[in-house]
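Each reported figure results from applying straightforward, stated rules to the coordinates on display, with no laboratory input. Values in this document were obtained by computation on a predicted structure and should not be read as measured data. All Cβ positions, glycine included, derive from the backbone under ideal geometry; neighbour counts span all protein chains shown.
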Amino acid sequence: MNSEKSIKGMEYYSAYGIKDNLNNIPHTSIVILTYNNLEYNKLCIDSIRKYTRKGTYEIVIVDNNSTDGTKEWLKTQNNLKIIFNDENDGFPKGCNQGINASEKNNDILLLNNDTIVTPNWLDNLKICLYSSKNIGSVGSVTNSCSNHQTVQAEYNNINEMIDFAEKYNKSNPSLWEERVRLVGFCMLIKREVVNKIGLLDEIFTPGNFEDDDYSFRMRSAGYKLILCKDSYIHHFGSTSFNKDNQKYAELLNTNREKFKTKWGVDPHSIIDEQITNLSDSNTKIDDRNLKFLLRRIENNIEYDESLSEVLDNIYEDDFDYDSIVMSIDKHIIKKEMLLNAIALGCYKEGMVDFSLRLLMKSYEINLADKDTIYNIAYIAGKIGEKELAISFLNSARDKDDEMLDLLHDIMEEANE
């Protein structure tokens, strides 16, 4: 094993460190709009109370003049901030009321009332949100949603769903995916973003395309949007809108036209264009310099200087994960070696989340690569993910002495 991996005793600062310091980042105001659907409202609020760490959040309810007993039930509940509207003011305006009523330093989480949250749902979102200063908003995956935010999930009742989610919701940066749009059924937004770009645009009342608009505004302000495929919640799906399919279709067309009038383009074409721009920026702007640096590292030409320049570009967000992986895939022969070298450099610079994503990619390329397995296990052990570390070490068919020593050390720590 290369002595470069001997990095025991280093301080840990990056995204995984948030796991041990979640109480030191801003709390969350969970803003929920209610309009009838009493049973869904109960399930949603009860699940938040059960599966969200106490003392880290507040629930802000905006009721749009429910008539099915929801208002009466809400009045019996403790520890809720509640706004009762005299009429149905729609989704954007109601969300804005909730944001304005929230604690001023809290992040904002817009959550549909027809959801059931799950173990670790919010912690995993917060870990991602605070892994980079450039991330402005993150969202969960679910069983029922547009925008490719669904994952395959099989269960027959709530208990089975919770069991599924408990196993699924393991914080893992390799499951974070940059998006050009997030659906507002579960959207966590940094407070600084709200302060910078403002509230939801109420021209989209009663609802639809306000999340497209807000996503576009966030990206225009320089923020990244991340879909967290390590945070799963259940979504029953559009219970407030879909009761009249014809009116719903008309509303979609109307608000789509409002978006086109506001921005001068169709929202669907913006998504396509931004996806193209993301790809172009990675391949056209950075690829030539990135390829040059990667090949110098591969061939041990001014190794330290070239690696340092790559790390500086990663830190400044000039090289992102996708561009590095794409360039290595296209131009590099010793793929695992390059991925491990950059990953170790990232770890030493405190970019642990990025480091593990690169190592997971190397593992995907070659499941038997000993350096990759060792490095994943070492870093996982350092950040407290001892079960993960042990699992990777045990996956190695022929363990050398360093692997056996590391396995022994981690197992001893796990048993303390």
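Computed from the C-beta positions of residue 289 and residue 39, the FRET efficiency with R₀ = 51 Å rounds to 0.35.
Could you state, as a whole-number percent, how many of the C-alpha pairs of region 151-248 are farther apart than 23 Å? Don't jump to the answer; show the numbers that get you there.
Details: 1974 of 4753 pairs.
Counting every Cα pair in region 151-248, those more than 23 Å apart make up 42 percent.
A Gaussian network model of the chain, with springs between Cα atoms under 10 Å, assigns the largest mean-square fluctuation among 195, 156, 37 to 156.
Please state the relative contact order of region 286-415 as a whole percent: Cα pairs under 8 Å, 6+ residues apart?
Values: 130 pairs, mean separation 21.6, N = 130.
Answer for region 286-415 is 17 percent.
Please give the per residue volume of the convex hull enclosing the alpha carbon atoms of the chain, rounded to a whole number of Å³.
Numbers: hull volume 64.1 nm³, N = 416.
Output value, Cα hull per residue: 154 Å³.
Angle between the Cα long axis of helix 335-348 and the longest principal axis of the chain, 0 to 90 degrees, nearest 10? Between the helix axis and the principal axis of the chain, the angle is about 70 degrees. For residue 71, a cut-off of 30 angstrom between C-alpha atoms picks up these lysines, skipping any fewer than 8 places away in its own chain: 42, 50, 54, 81, 93, 104, 190, 243, 247.
Restriction of the GluC sites (Glu not before Pro) in region 47-93 to DSSP coil positions whose beta-carbon has at most 11 other beta-carbons within 10 angstrom yields 87.
How much of the calculated P(r) for region 28-114 lies past 22 Å, in percent of all Cα pairs? Working shown, then result.
Working: 624 of 3741 pairs.
It works out to 17 percent of all Cα pairs.
In region 324-416 the Cα-Cα distances spread across 10 Å bins starting at 0 as 17, 48, 29, 5, 0 percent of all pairs.
Need one number for region 133-201: average projected area of the convex hull over its C-alpha atoms, nm².
6.1
The angle separating the long axis of helix 38-51 from the principal Cα axis of greatest extent in the chain is about 30 degrees.
The per residue volume of the convex hull around the alpha-carbon atoms of region 59-163 is 158 Å³. Here the simple spin-label model places points 7 Å from the Cα toward Cβ, and for residue 220 and residue 151 these points are separated by 3.3 nm. Counted over region 16-277, the DSSP beta bridges are approximately 35% antiparallel. Find out how many positive minus negative residues lie around residue 339, taking Lys and Arg as positive, Asp and Glu as negative, among other residues whose Cβ is under 13 Å from that of residue 339. That sum, taken over residues with Cβ under 13 Å, equals -2. In this simple spin-label model, placing a label point 7 Å from the Cα along the Cα-to-Cβ direction at both residue 252 and residue 82 gives a separation of 3.4 nm.
The calculated 222 nm mean residue ellipticity attributable to helices in the chain amounts to -15000 deg cm²/dmol, summing -39500 (n - 2.57) over DSSP H runs of n ≥ 4 and dividing by all residues. Under the simplified labelling scheme, the residue 202-residue 304 pair shows an inter-label distance of 6.1 nm, with each label point 7 Å from Cα along Cα→Cβ. Can you compute the FRET efficiency between residue 411 and residue 315 using 1/(1 + (r/R0)^6), with r the Cβ-Cβ distance and R0 = 41 Å? Round to the nearest 0.05. After rounding, the FRET efficiency stands at 0.75.
Loop only per DSSP, at most 15 neighbouring Cβ atoms within 10 Å: give me the GluC sites (Glu not before Pro) in region 182-220, ordered by residue number. It would help to have the intermediate numbers written out before the result.
Numbers: sites: 192, 202, 210; in loops: none.
Nothing satisfies the criteria.
Per q in 0.24, 0.29, 0.31 1/Å, what log10 I(q)/I(0) does a Debye calculation on the alpha-carbon atoms of region 48-91 return? So the normalised log intensities are -0.89, -1.07, -1.14. Angle, helix 370-382 long axis vs. longest principal axis of the chain, Cα atoms, 0 to 90°, nearest 10? Once rounded, one gets 50 degrees.
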